[in-house]
Amino acid sequence: MAPEPNPLGRLPFRRIRVRGPSMAPTLRDGDIVIARTGVPEPGDVVVVTWTSRPGQLSVKRAVGPQGDGWFVVGDNDLASTDSRELGPATVHGVVRWRAWPRPKALRKALRPGA
């Protein structure tokens, strides 16, 4: 059986539009970010999927490895559905830059999940 394709595609970079308030204040609804394939580290902003939500890409903050995936959370605790409800996520890429508006490199959180 062939491996499942990466939802980010074949290229090493992908442009993604953020939807919803779960990553505020770091990222806001409508922001466009650039994700790159790669191995995350705790504190990185990442692009993930959950088996319970096939086909849905989400942007969250990596806290740490958990089981066969990663424990991830939104920066906005009050407006995020994340690993606290859905369990470990599969990480497909690391968000390194916000392209629009206010282009800038994204930094790791000093305390992931805080």
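The values are calculated or read from the model by the stated rules, or taken from the named source; none is laboratory data. What you see is a predicted model; the values in this text were computed from it and never measured. Neighbour counts run over all protein chains shown; Cβ positions are idealised from the backbone, glycine included. Only protein heavy atoms, including side chains, enter the accessible area calculation; ligands, DNA and RNA are left aside. Shrake-Rupley method; radii C 1.70, N 1.55, O 1.52, S 1.80 Å.
Summary of computed values
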| read-out | value |
| --- | --- |
| Filter pass, Arg107 being open to solvent by 80 Å² or more (accessible area, probe 1.4 Å) and outside any strand (DSSP E or B) | yes |
| Candidate set: region 41-54, residues that are touching a residue at least 40 places away in the same chain (Cβ under 8 Å) and not β-branched (Val, Ile, Thr); chosen: the one surrounded by the most Cβ atoms within 10 Å (Cβ to Cβ) | Asp44 |
| Matching residues, region 77-96, being part of a strand (DSSP E or B), at pLDDT 95 or above and open to solvent by 60 Å² or more (accessible area, probe 1.4 Å) | Thr90 |
| Region 82-111 residues that are within 11 Å of Trp70 (Cα to Cα) and touching a residue at least 60 places away in the same chain (Cβ under 8 Å), paired with ones that are open to solvent by less than 40 Å² (accessible area, probe 1.4 Å) and basic (Lys, Arg) (beta carbon under 8 Å, 6 or more apart) | Asp82/Lys60 |
| Options Gln56, Gln66; residue that is modelled with pLDDT of 95 or more and not β-branched (Val, Ile, Thr) | Gln66 |
| Every residue from region 1-40 that is modelled with pLDDT of 95 or more, assigned to a loop (DSSP other than H, G, I, E, B) and surrounded by fewer than 16 Cβ atoms within 10 Å (Cβ to Cβ) | Arg19, Arg28, Asp29, Gly30 |
| Matching entry among Arg53, Arg17 (being farther than 20 Å from Arg107 by Cβ and over 12 Å from the mean Cα position of the chain (by Cα)) | Arg53 |
| Test: residue in region 48-55 that is in a loop (DSSP other than H, G, I, E, B), more than 19 Å from Asn76 (Cα to Cα) and not polar (S, T, N, Q) | no |
